[in-house]
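Trainee: This is the structure I have questions about; it appears just below.
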Amino acid sequence: MNLEHLQKKLLAAARTTAPDERVPYAFEKRILARVSTPPVTDVAAFWARALWRAAVPCVAVTLLLAALSFSLVSSDSASNASTENLSQQFEQTLFASVDQLEE
């Protein structure tokens, strides 16, 4: 179909129909009321959006620190297996002064 011919037909049909003079009741008042009042900001929505966005990094940091602490604990337990236990070192330090007094 020829686009120019179709365009001419549509323009002719649009020119023959008269524009509607009716306006909905209180249309101007509704538009002016909506334009004149600033939009209401919902503070709770801002906080909720920010907290949900912050939840993902917090979970990521928690998992990273948990993995780091488990790896450090496992490496410390392997190195402490060959050396004395902390409780044994504390007991020897505490009783060292008593042994010195006896001698």
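Trainee: Say the dipole of the chain comes from +1 at the beta carbon of Lys and Arg and -1 at that of Asp and Glu; which of Ala33, Trp52, Ala66 then lies farthest toward its positive end?
Mentor: Result: Ala33, furthest along the dipole toward the positive end.
Trainee: Assuming 0.36 nm per residue, please report the length gained on full extension of the stretch Leu86 to Thr16 beyond their Cα-Cα distance.
Mentor: 15.3 nm
Trainee: Here's a follow-up. Send over the Kirkwood Rh of segment 3-102, from the inverse of the averaged 1/r over different Cα pairs, rounded to one decimal Å. Don't skip to the answer; put the middle values down first.
Mentor: Numbers: mean 1/r = 0.0422 Å⁻¹.
Result for segment 3-102 stands at 23.7 Å.
Trainee: So how tilted is helix 86-102 from the main axis of the chain? Cα-based, degrees 0 to 90, rounded to 10.
Mentor: Approximately 30 degrees, to the nearest 10.
Trainee: Once you put a point 7 Å from the Cα of Ser36 and another 7 Å from the Cα of Val56, both along the Cβ direction, what distance in nm separates them?
Mentor: Label-label distance for Ser36 and Val56, simple model: 4.3 nm.
Coordinate-derived values only; no laboratory data. Just so we're clear, the structure is a prediction, and the values are computed from it rather than from any experiment. Cβ coordinates were reconstructed from backbone atoms using ideal geometry, including for glycine residues, and neighbour counts include every protein chain displayed.
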